[in-house]
1. Explain nothing, just the number: relative contact order of the stretch 9-134, from Cα pairs under 8 Å at least 6 residues apart, as a whole percent.
2. Over the chain, what is the mean sequence separation of C-alpha contacts under 8 Å (at least six apart), divided by residue count, expressed as relative contact order in percent?
3. Can you sort Arg72, Arg172, Arg212 so the residue with the fewest Cβ neighbours within 10 Å comes first?
4. In the calculated pair distance distribution of the stretch 9-134, what percentage of Cα-Cα distances lie above 16 Å?
5. Among DSSP beta bridges lying fully in the chain, give the percent that are antiparallel, nearest 5.
6. Inverting the mean 1/r over all pairs of different Cα atoms, compute the Kirkwood radius of the chain and quote it in Å.
7. Just how far, in whole angstrom, is the stretch 29-78 from the stretch 100-148 if you go by their alpha carbon centroids?
8. Restricting to DSSP H runs of at least four residues, report the calculated mean residue ellipticity at 222 nm for the chain, -39500 (n - 2.57) per run over all residues, nearest 500 deg cm²/dmol.
Amino acid sequence: MEKKIHYSTKIKDAFFRQVIDYVGAGVVITDPSMPDNPIIYTNEAFESITGYSTKEIIGQNCRFLQGEKTSRAEVDKVRSAIEKEQSVTVELLNYRKDETPFWNELSMYPIFVPDEDKLYFVGIQRDVSDRKSEEIRAEGYKEEASLLSTPFVPISEKICILPLVGNIDSKRWEEIYERISAHVYDHDEEIFIMDLQGIQTVNEDVHSGILRLQKLLKVMGARLLVTGLEPSTAKASVHLADFRKHQISFFASVQQALDSIRAKH
Ligand SMILES: Cc1cc2nc3c(=O)[nH]c(=O)nc-3n(C[C@H](O)[C@H](O)[C@H](O)COP(=O)(O)O)c2cc1C
């Protein structure tokens, strides 16, 4: 025969509290029927993550964990989820009691308790600072790699060379447009020499990328010279005639391009 176990509410509460305390993540329960949706329960992990004792924060809204650098957009997502009584997961920069910042991966769920005919919100907090700082560091490397893959070599006040190596995919083109336009804007250069000698595959993407770059530079009052295109490249779907039509000068080498500029000045 199946054994039925009955717990008194008291035992149940004590039992679940202990279980929740064993959970490695912070747990917070709030009561939206009370003014400003205050905290009515926190577990031990929440205390150790934030440095606040339950006594200190009971009755407060969780926003006291936010500070100067907390993303307003992420906080808005939480507010909107609460309004719609939906669950949400966000990454918030929060601040401990000693004011040190930490990355809080907050998952928030609306929980309806039928016995009480009442809605509560439960928040699960995980300190993801280590992962986040890895991500931020990786972003930094990516940015550095992007800077290295789009190096600007100023030759004179008015001339700048951009030697490109490797492959250029659409993302790298976007970086090139962005960096070149910022560079021309800052330095007021007149002539940009784009050297494609180190480019592995000169395909349709490179072709249309160059045409787009030419248009961009023209609007900014600068000229584009393309160097390093082998005659055989013409076969590789890059139509040099198309470049001529768009008044893009192309040369076999940077030296030839510079000689031509000097001859004209
Ligand atoms: C259950 C629950 C847990 C929450 N936990 C956090 C938290 O750990 N950190 C935080 O910055 N905000 C947290 N919030 C969000 C804030 O309490 C608040 O809802 C948010 O700041 C949006 O409202 P506001 O724009 O009025 O500040 C939590 C909200 C709920 C309902």
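Read the figures in this text as sums done on the coordinates, not as results from a lab. Since we're looking at a predicted model, the values are computed, not measured. Cβ sites come from the backbone with ideal geometry, for glycine too, and all protein chains shown count toward neighbours.
1. Once normalised by length, the contact order is 23 percent.
2. 11
3. Arg72, Arg212, Arg172
4. Counting pairs separated by more than 16 Å, the tail of P(r) holds 63 percent.
5. 65
6. For the chain, the Kirkwood estimate is 23.8 Å.
7. 14
8. When only DSSP H runs of four or more count, the value is -13000 deg cm²/dmol.
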